Amino acid sequence: MKYTCMLIFLGVIITFSTAAYSAPLADYRFQVEKNISHVYINKDGSVDIEYKITFLNHGKPIDVVDIGLPHSGYRLGSAKAHIDGYPLTEIKRSSYIAVGVEVHLEGRAIPAGQRGTLYFRINNPKMVFPDSENPDYASMQFAPTWFDPGLSVGTTYLEINVYFPPGVTGQETKYHYNRYTRDRYINGRLVFTWINHKARQKKQGVGVSFPKKYIEKVFDPSEVEFVDSSAQRKPFNWGSFLEWMPFIIFPLIFVLGAIAVAVTKRYKRMQYLAPEAKIEGLGPCRDLEPVEAAVVMALPLSRIIALILMRLVQKGCVEVLQVQPLRVNVHRAEGSDLKKYEKSVLKALAPKEGDTERDKERRLSNAVISLIEDVREKLKHGYSQKATAEFYRGKIDYMWGKLEQDPKLEHLAWIALDENCADKVEESPVKRRKLEHLWEDNYGGFFRPRYRVRNFYYWLDDVQDDMVRDNSSFTMGVSKSTNPTAWIQSSSWSSGGGGGGGFSCACACAGCACACAGGGR
């Protein structure tokens, strides 16, 4: 709630003080029809990154495209670009994203209603790192550029091609995260290709490992400064702010009262577990299962559904065939060990002929409503919701400590509730290694083919995005049943415009060629 207030307050200041900048940004609207990338792993440990990106423009002409790059050591002099075959020469360091380039379309801007295909290529050094499991292997990870979902519409045909160094054979390779769609040889080089026909604008990473004898050098990740997602936005121009100060004071006084109302109602919209009107004298409820604790801690419902799926995989009810888009085999949907909400999720995962996305959402909604009712039943005898939430946050911290001493399966289920899990794991190689072993030992056999889903916290992110497309509207629908007072209040308030604006991306994996871009300005 504190963060929401701060963001809305900042949004008010930016709206008045940088109107000349933010208003034109809102006029951009486009679809990324195709995003095809080719990543060539070179013997010197660098990679050549090549893009062919097709835009269908629905708004203001696209005259500049920003492309984020893995780290600031990219070789700007190696960059080449053209738009629909027309050579582009104005390529320079981006003034809008922290690490990347801006490509000016030089009189070849893509007008509304028209398509344009941008070709871009650049060399990025120091992109091959040690494989964490085999000292004789090297690894490379890549996440292709994506665009601000607030400016883009529709889905994207996403294709990622990774070219191994010359001489590498298929028997020597490993892949990370999702299994590749196909493999082939092009000009004597082994190529893995990943294809997603309906991708959304977000980070979607792939990775490979191969014997390091095929390259000249493997780099230590500590030598490279990767993209910091917090540095993606353009710094605020305080000079401009002072120039606009006379136009800010009076409108700001007017809107401050509205901010408090908006913050309160926005907070309640996400409050799907209604507070009980009773005396809470028993302190915390200490016998909740992890997914039940997630409800009391008010984790996003999309995350909770992903946690339920994680539990169903562990029970052997579900076999995962593909991560993005999610495809599963449901082996059993009944059993005395299954709770009502688990059965509802299984029904959503095994749709009947003729079922629609709305039918799937209805079953998922029924699942979380049933789960929330179970939690409410356990708390109704006088347990404190607040004390219970604090108790389980403490238990998560305790499980982190136990993980390093004596890792067990139960630790994994509780650690998955930590919203800062990815950051903590990336900061500690010991935690990362033990979590990866726990995951593979207990969940690896339920994936076909058995691809490397080592970073289960990223897997959870992908699952929650795939199963629930719009968490806010989904939560509002659930709140209508589980916390009707908050739903009635929130339904009378709607947010105008979009939040944030600008361009942003996040990259949490060392070695990822993690890129982001803004579709013109």
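The values are calculated or read from the model by the stated rules, or taken from the named source; none is laboratory data. Here the structure is a predicted model, which means the values were calculated and not measured. Note that each Cβ is placed from the backbone with ideal geometry, even for glycine, and that neighbours are counted across all protein chains shown.
The table below gives the values:
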{"item": "Residue that is farther than 23 Å from N161 by Cα and in contact (Cβ under 8 Å) with a residue 12 or more places away in the chain, where the choices are H71, H104", "result": "H104"}
{"item": "Criterion (out of contact with any Lys or Arg (no Cβ under 9 Å at 6 or more places or on another chain), within 28 Å of G188 (Cα to Cα) and part of a strand (DSSP E or B)) met by exactly one of V32, V39", "result": "V39"}
{"item": "Filtered residues of the stretch 172-192 (kept if closer than 20 Å to L326 by Cβ, part of a strand (DSSP E or B) and of a type in the set (S, T, Y))", "result": "Y175"}
{"item": "Residue list for the stretch 126-165, filter: touching a Gly at 6+ places or on another chain (Cβ under 7 Å), among the charged types (D, E, K, R) and either assigned to a strand (DSSP E or B) or on the phi < 0 side of the Ramachandran plot (or both)", "result": "D148"}
{"item": "Lone qualifier among Y180, Y119 - being among the hydroxyl-bearing types (S, T, Y), at pLDDT 95 or above and in the same structural domain as K80 (by TED's automatic domain parsing)", "result": "Y119"}
{"item": "Members of the stretch 300-334 found to be at pLDDT 85 or above, closer than 16 Å to Q464 by Cα and assigned to a loop (DSSP other than H, G, I, E, B), listed by number", "result": "none"}
{"item": "Residue match in the stretch 399-411 (condition: out of contact with any Gly (no Cβ under 6 Å at 6 or more places or on another chain), at pLDDT below 85 and among the polar types (S, T, N, Q))", "result": "yes"}
{"item": "Residues of the stretch 83-125 classified as crowded, with 16+ Cβ neighbours inside 10 Å and assigned to a strand (DSSP E or B), total", "result": "18"}
{"item": "Those residues of the stretch 331-363 which are loosely packed, with under 15 Cβ neighbours inside 10 Å and in contact with a Cys (Cβ under 7 Å, 6 or more places away or on another chain), in sequence order", "result": "H331, R332"}
{"item": "Any hit, the stretch 149-164, residues being over 18 Å from the mean Cα position of the chain (by Cα) and more than 27 Å from Y86 (Cβ to Cβ)", "result": "yes"}
{"item": "Exclusive hit being outside the structural domain of Q141 (by TED's automatic domain parsing), in a helix (DSSP H, G or I), modelled with pLDDT of 80 or more and closer than 26 Å to A199 by Cβ, set R363, R376, R393", "result": "R363"}
